[in-house]
Amino acid sequence: MNKIQEEDQLQQLLDVIIEAIRSKKGEEITDLDLTHLNTSICRHFVICHASSTTQVKAIAHTIEDQVSKKNRLKPFHREGYENASWILLDFADVIVHVFQKTYRRFYQLEELWADGIRKDCVT
């Protein structure tokens, strides 16, 4: 696979994830592009929040379902479903963080990874 095909697949994955979040009314969707950082653990962080644990779980389940159907991928790692205050889905190149609002404000991932190129996705 050449670089253009890889970039196209990455963009398709990001688009599916963001659309899945939107479909469940996820709030303040942010894409942090980390590709230019030498020490990053992935190429993109996608971050959003919801108002309840039920909504956090619904968003995460919808992301998994849509990425499986449209991109034929399953997360390499997933955690946080037990208490649903912060669910992490690791798709290798993209790591998705679905927070309850108060936890997102507390952890401030966008600030921790401030060297990333931030793109706020308007809902």
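Per-structure values
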{"quantity": "The chain - share of DSSP beta bridges that are antiparallel (%, nearest 5)", "calculated": "70 percent"}
{"quantity": "Projected label distance in nm at S68 and T102, using a 7 Å step from Cα toward the beta-carbon", "calculated": "3.1 nm"}
{"quantity": "Gained length - D93 relative to T53, 0.36 nm times residue gap less alpha-carbon distance", "calculated": "11.8 nm"}
{"quantity": "Mean Cα-pair separation over length for the chain, i.e. relative contact order, pairs under 8 Å, 6 or more apart, %", "calculated": "31 percent"}
{"quantity": "Distance (nanometres) between label positions extended 7 Å along Cα→Cβ at E79 and R118", "calculated": "2.5 nm"}
{"quantity": "Neighbour-count order for H97, H36, fewest beta carbons within 10 angstrom listed first", "calculated": "H36, H97"}
{"quantity": "Region 3-121: Cα Rg divided by the 2.2 N^0.38 Å rule of thumb", "calculated": "0.98"}
{"quantity": "Fluctuation leader among T39, T53, T62 - the chain, Gaussian network, Cα springs under 10 angstrom", "calculated": "T39"}
{"quantity": "Ranked R118, R72, R104, criterion: other C-beta atoms within 10 Å, fewest first", "calculated": "R72, R118, R104"}
{"quantity": "Ranking of F76, F45, F99 by count of other Cβ atoms within 10 Å, fewest first", "calculated": "F76, F45, F99"}
{"quantity": "Coordinate range along principal axes, alpha carbons of region 59-123, Å, largest first", "calculated": "32, 29, 24"}
{"quantity": "Loop GluC sites (Glu not before Pro), region 1-104, which have at most 13 other Cβ atoms in a 10 Å radius of their Cβ (DSSP)", "calculated": "E82"}
{"quantity": "In sequence order, calculated HN-Hα J values of region 107-118 (Karplus, 6.51, -1.76, 1.60; Hz; x Gly/Pro)", "calculated": "7, 6, 4, 4, 6, 5, 10, 5, 6, x, 8, 8"}
{"quantity": "Most positive-pole-ward Cα, Q5, L88, Q66, against dipole of region 3-121 from beta carbon charges", "calculated": "Q66"}
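Only the coordinates and a few stated rules stand behind these numbers; no lab work does. This one's a predicted model, so the numbers in the text were calculated from it and none came from an experiment. Quick reminder, even Gly has a Cβ in these numbers, built from the backbone with ideal geometry, and neighbours come from all protein chains shown.
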